[in-house]
Amino acid sequence: MSIYKSAVQKPITTIMVFVAIIVMGLYSLTRLPVDLLPEMDPPYISVMTTYAGANAADIEVNITKLIEDRLSTVDKLKEIQSSSIDNMSIVTLEFEWETDLDVAVSDVRNALDMVYDYLPDNADRPTVFKFNTNMMPIAVYAITAEDSYSGLEKIIDEKVVNPLNRIDGIATVSMMGAPKRTIYVDVDANRMDAYNVTIEQIGNVIASENRDTPAGNVKMGKDDYQLRIEGEFNESSEIRDLIVGSYNGQNIYVRDVATVRDTIKDISIDERVNGMEGMRLMVSKQSGANTVSIASRVQTEIARLQTTLPPDIKIEEIYDSSEFISNSISNLSETLMYALIFVILVVLVFLGRWRATFIIALTIPISLIAAFIYLMMSGNSINIISLSSLSIAIGMVVDDAIVVLENITKHIERGSNPREAAIYATNEVWLSVIVTTLVILAVFLPLTMVGGMTGVMFRQLGFIVSITCTVSTVAAITLTPMLSSKMLKAFDKNRKQSKFSYDNTIGKALDWLDRFYEKILRWSLRHKKVVMLVVTVIFVSSMYLFKFIGTDFMPETDESRINAMVELHTATRVEETMKTARTLENEMRSAYPEIVLISASSGSDDEAGIASLFSQNGSNYINFTMKLVPIKERTRSVFDIANDMRKRFKNYPEIVNYNITTSQGMGGSNTVDIEIYGYDFNTTNALAEEVKQRMEKVPGAADIQISRKDDRPELKIVLDKEKLAQHGLTTSVASGYIRNRVDGLLASYFRESGDEYDIIVRLKEDSRNSIDKLEEMSLLTPQGTTIRVKEIGKVEEFWSPPNIEHKRKQRMVTVSIKPVDIALGDLATVINSEIAKMEIPQEVMLHVGGVYEDQQESFMDLGLLMLLSLLLVFIVMASQFESFTNPFVIMFAIPFAISGSALALYITGTTLNMIAALGMVLLIGIVVKNGIVLVDFMNLMRDRGLELNNAIALSGKSRLRPVLMTSLTTILGMVPMAISTGEGAEIWAPMGITVIGGLIFSTLVTLIVVPVMYAVVSRHGERNKVDKLRKRFHFINTGEHEEGVS
Amino acid sequence: MKAVFIVFNQANTERIEYVFDYLGVRGYTWWDMVMGRGTKTGDPHMATHTWPEMNSATIAIVEDDKVPHLLEAVKQIDQINEEVGIRAFVWNIENQY
């Protein structure tokens, strides 16, 4: 028994099966986390090695090179890059997407084990660091304080961080720029020398005094007592009264040689929020946790915690990823709803029957809900990709049901009762319904096989559309006939039609349209050459449009946030940087009333660790984060504001460089990177500078960044080994001493109510702030004498590169350029032609990469995908029609879909980016579907013995409505996506535009060109089987023979 | 006794069943899914992609007086929509055991 017959005969079973699907789908929906994007682990592994005291060049030779050589053989490695900076080497390995990073990490570890023995002794063991999107904070808060500022760290740690950490799903809550309590023992160099004590001595005394020691048990009578010796300081002031030595029989106290300051740590970073002193709090979630629900819980928790804090401490939100997510999701849900309404309206207009419309509309929720089951089972989330995929699918899932229902209605109108009609009408069309679905699968399933980052995005799209379409087909051949048999009424010929009834209004209009189309079709069939000529001209001229359409990688989104990195002159001290930060802040506040909040961090926090990997650091850097009012409340986009900001920044002479980014989600920063490979610093630096100067003249090139920073002035102490030896010292001992004096010696920790604070002993600032004073520093020799630094070496001033970058193990400088008001592809073309004009030394190699390279790769991927889809579609159709020419006729419509897309892109001024290109690939499936419906019917009519042109005209007339209906549902389903302006809409709008443009155009063309092409490639009578038979059985000629048997 | 051979579009299955039941026709032989086409009018019913419709056929052996009723019922079914297709032919039963 066939599936549709069982479905009709067992309505309850059928309903129950679909109820089960809906229940499971809805259950999955409640369980699915909501996120912005599918979780994708970027395939990067970093190896960080610290080698304290080495400068960039030393690091490059002694560490980076060794590690690079060893790691370059790791499996599935795509590219190796490194950056050698002072004290640290960072080697970044980029793997192929979808590499199992756990395996990769262990491969990397094994390789590192082999290289470890060859690293310098003082170098730390390399740490392997796997980057993960979960490390990006989901929310950032700014905390400002007035009176309580000095105690902020402790207050926030106890009252905010700890409670937040208790929320389920939160991985870490970290503080940045918190004022840290530190106890400094600032030693006066002169007094120290006079009393003959050293920093190390003071440090040792502090360390050995500040100690609690258990001293065993004492048994007294019946009891057993623990014995403890308590020496730990209760007050930091106790340090002042420690005795560090004696001089001429007099005790020398710490207070005699030093001042003890219990204060907050010397600033190296300054965090301001709206110009007020403060710090930042970053919250990151655990893998797989629901961003939106966690962020909202954090928000309510923070609102509650706010009341427990001193009144001068204010917590403000700088960034909450859940806000953008929930806005995008609700925006998409709205889009989805409008699409649903449009689709239902189209069906209602064409069918004119409420019950029929209901039956068809019912397949929409069923097939869409089924997608949630897939998302749940594959461990995905509800994100903008999955929701957009649903809104792409919405117009397609009704198609099968429409075809089935249309045929059932036809049978009912012929007088069959609904039950019989449901079975036999489905029997007639079920095969072609399945074939059209196969065509859709032929286009969408290859999407799941694309590699790279785009692949991660397209996989969900491919699976969701494939699954929803498959479910909708199943529903169309089971649920639709079953419901039709129950709900449709038997046709009543004598029913009274009122003047305004459907049949007398829209029905008549549609009838007229059918006849009108038939006329046009007959005319075209008589003027094939004219038609072919016209469409060829249209196609060729539309291809010409591509010249005016720029290419991009990903659309940029307005996330109501602007990040600005401002770089001042190298080695500017943080106090100066702060002043500039305040001036800029004031200017931006007055110039852009759209800004709700500015958070600025000047300088670098040397203990922020991982957090500082995400932004450029240094005492001369300012990082601004600005939050703007929502899109709907402002007229300027973030891109306009960013542009204006660039102009303003140019007016400041102290700003040597700036970089303004507007998004951090998808697309990131769209840049063209010019990579300059070459060993010699001077040559490559000069070249990079030349590139920069040339590019500054290129219109649309903004934020030009050179990755290698200016040489930084450095002081180095060159020690004379011979003299060192004479005094019984070695370089490492001497350098340790010098470090203690300048950087400070961490003597011990001061403990108070469970927290530890550093006690740092060092020379006070005016004993170490000039070359003379550095040379005057005294060191203790093993013989017990003191010598001056100048006796064993000299202080030199020199310039050194602060960072050395490698790519593919070669030294490289990158000049990155951001396109503004120009398409990425166009900018790259201009850049290439500029570079061609330059004179490039032989030993240097230039390569244009960056996002532009990703774009090229992805376009290649998509191109391949398009070919694959075309081939698969051809295979499906050729086997359905058992013909090579029919698929060709149908696919003739595809070029015109591309023409339509080009036209739509040109009119709307949209660039051809990945999403738009993907839209074109999808068009293949959608356009071909229309053609199949037409050609299939033409074959049928001819098989029934109709003359070629007549068959074509009649099938056109008969199939016009289903073709228009399926096209209109798809087009209108995409309209909300194409015109939406809410958060995150920019990403999918290009796809909506290409599909709508392509489909409108190709539908019109398909209706004319496909029939004409069909007529061109067909011969009269080729399908007349009677003639063929007659020839085979010519030996039978008895009795009268009726001519022209039909 | 007469044999009434009814060939009909299988969309009429339920109606024929009802007619047999209504007229008290007890003895019949039924073939599902048979192909055919009309002598004068009617599209072929071939179960192919070109001619997707199918017929069923039945021979009912009835008393002579039921034949006119049966033919009348067939005519009424046919009149609902002639495109669907139904025909009845009557034979004499020469002999039976």
With a Förster radius of 41 Å, plug the Cβ-Cβ distance of residue A:723 and residue A:751 into 1/(1 + (r/R0)^6) and report the FRET value to the nearest 0.05. 0.45
Under a point spin-label approximation (7 Å from Cα along Cα-to-Cβ), what is the residue A:26-residue A:168 distance to one decimal in nm? 2.3
Per residue of segment A:161-174, what does 6.51 cos²θ - 1.76 cosθ + 1.60 with θ = phi - 60° give for ³J(HN,Hα)? Whole Hz please, x for Gly and Pro, Karplus curve as stated. 4, 4, x, 5, 4, 6, 5, 4, x, 8, 8, 9, 10, 10
Report, in whole Å, the centroid distance computed from the Cα atoms of segment A:1-73 and segment A:551-588. 33
Based on DSSP H runs of at least 4 residues, each adding -39500 (n - 2.57), what is the mean residue ellipticity at 222 nm of chain A after dividing by all its residues, to the nearest 500 deg cm²/dmol? -17000 deg cm²/dmol
If r is the Cβ-Cβ distance from residue B:22 to residue A:888 and R0 is 51 Å, what FRET efficiency results, to the nearest 0.05? 0.40
Segment A:353-370 residues near the modelled residue A:506 label - backbone nitrogen below 16 Å, point 7 Å along Cα→Cβ: A:353-362
Sorted by mean Cβ packing within 10 Å, highest first, what order do the peptides A:718-730, A:338-350 take? A:338-350, A:718-730
Cα centre as origin, Lys/Arg/Asp/Glu Cβ charges: chain A dipole, Debye: 6560
Taking the Cα atoms only, what angle lies between the long axis of helix B:67-80 and the longest principal axis of chain B, rounded to 10 degrees? 20
Zone residues, segment A:1-35, relative to residue A:486, backbone N less than 20 Å from point 7 Å out along Cα-to-Cβ: A:2-26
Diagonalise the Cα gyration tensor of segment B:2-92 and give the resulting equivalent ellipsoid semi-axes, square root of 5 times each eigenvalue, largest first, whole Å. 23, 13, 12
Please give the length that would be gained between residue A:547 and residue A:147 if that part of the chain were fully extended, namely 0.36 nm times their separation in residues minus their C-alpha to C-alpha distance (nm, one decimal). 137.7 nm
Coarse-grained scattering of the protein assembly as shown at q = 0.04, 0.05, 0.07 Å⁻¹, given as base-10 log I(q)/I(0) from a Debye sum over alpha-carbon atoms: -0.35, -0.50, -0.82
Once the Cα atoms of helix A:418-444 and of chain A are each reduced to a long axis, what angle between those two axes, in degrees from 0 to 90 to the nearest 10, is obtained? 40
Collect residues whose amide H, placed 1.01 Å from N in the peptide plane, falls under 5 Å from the amide H of residue A:178; neighbours closer than 5 in sequence don't count. A:280
What is the angle, in °, between the Cα long axis of helix A:681-696 and the longest principal axis of the Cα atoms in chain A? Nearest 10 is fine, range 0 to 90. 50
Determine ³J(HN,Hα), in whole Hz, for all residues of segment A:535-548 in sequence, where each value follows from phi through the Karplus function 6.51 cos²θ - 1.76 cosθ + 1.60 and θ = phi - 60°; x replaces Gly and Pro. 5, 5, 4, 4, 5, 4, 5, 6, 5, 5, 4, 4, 4, 9
Over all directions, how big on average is the projection of the convex hull of the alpha-carbon atoms in segment A:49-132, in square nanometres? 5.0
If R0 is 22 Å, what FRET efficiency do you get for residue A:114 and residue A:76 from their C-beta distance, rounded to 0.05? 0.75
Placing each pseudo-label 7 Å from Cα in the direction of the beta carbon, residue A:124 and residue A:1034 end up separated by a distance in nanometres of 9.6
Just want the answer: with Cβ charges of +1 for Lys and Arg and -1 for Asp and Glu, which residue in A:66, A:28, A:54 is farthest toward the dipole's positive end in segment A:1-123? A:28
How many nm separate the modelled label positions at residue A:808 and residue B:37, each set 7 Å beyond the Cα in the direction of the Cβ? 7.0
Among A:553-559, B:12-18, how do they line up by average Cβ neighbours within 10 Å per residue, starting with the highest? A:553-559, B:12-18
If I stretch the segment between residue A:857 and residue A:579 completely, what's the gain in nm (0.36 nm per residue apart, minus their alpha carbon distance), one decimal? 95.6 nm
Given A:410/B:75; A:650/A:709; A:76/A:929; A:65/A:180, which pairs have Cα atoms separated by over 29 Å? A:76/A:929; A:65/A:180
Would you compute, for the Cα atoms of segment A:496-585, the largest minus smallest coordinate along each principal axis and list the three values in descending order, in whole Å? 87, 46, 17
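Bear in mind these aren't lab numbers, they're just calculated from the coordinates by the rules spelled out. None of the values given here were measured: they were computed from a predicted structure. Cβ coordinates were reconstructed from backbone atoms using ideal geometry, including for glycine residues, and neighbour counts include every protein chain displayed.
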